[in-house]
Amino acid sequence: MRRLPPSMRWLGYLGLLPFFILSLSLLAHISLPGLANARLDWWLAAYAALVLSFLGAIYWGMVLGMQDWISEADNRKLIQVSVLPSLGAWFSLLLPIKAALLALAILLALAYAADVWLLYKHIKLYPDYLRLRRNLTVASVILMLLAAIA
């Protein structure tokens with residue numbers, strides 16, 4: 001089985017930067033340069049919601065790109081599950097900010113669990129992708145939880 005392209009790893013890890021910067025700013029109770037009045041907690045929540053929408057969209061891409069060799073039942077599962085991250089993220093943004101950050105952290109963890117269940121156990125996708133997702137999920141969930149208690 002082929003390995004993931006290096007650019008996928010780099011882009012994935014670079015995607016953690018907003019989680020790190022915003023969460024650490026919230027924990028340290030400091031603002032970012034030029035953003036003294038910005039609600040960094042909502043910026044973090046919005047970014048996590050965006051990431052969750054992206055994660056759901058991966059399933060759509062898989063169905064479109066692999067429909068000839070994925071079973072109809074797996075296609076159906078992928079499409080049904082694909083809308084859940086963005087719907088959950090949207091609902092989370094309607095909550096008070098501390099609850100939103102906690103809900104988004106939980107949704108990020110659940111999105112990883114769905115990847116394990118759908119993409120690894122059923123479809124046998126790249127093990128490298130699952131490792132990358134695990135690393136990104138652990139880091140983002142920890143940072144979201146820290147921001148929620150900041």
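The values are calculated or read from the model by the stated rules, or taken from the named source; none is laboratory data. For clarity, every value in this text was computed on a predicted model and none was experimentally measured. Glycine also receives a Cβ, built like all others from the backbone with ideal geometry; neighbour counts cover every protein chain displayed.
For this structure, a couple of remarks:
- Condition check for Lys98: among the basic types (Lys, Arg), assigned to a helix (DSSP H, G or I), over 23 Å from Leu136 (Cα atoms) and without any contact (Cβ under 8 Å) to a residue 60 or more places away in the chain: no
- Residue within the stretch 59-82 that is within 26 Å of Phe20 (Cβ to Cβ) and of a type in the set (A, V, I, L, M) present: no
- Elements of type helices (runs of 4 or more DSSP H) contained in the stretch 17-91, each with 3 or more residues being crowded, with 18+ Cβ neighbours inside 10 Å and among the small types (Gly, Ala, Ser): 40-66
- Inclusion of Ala114 among residues that are modelled with pLDDT under 90, surrounded by 13 or more Cβ atoms within 10 Å (Cβ to Cβ), among the small types (Gly, Ala, Ser) and more than 11 Å from the chain's Cα centre (by Cα) is not warranted.
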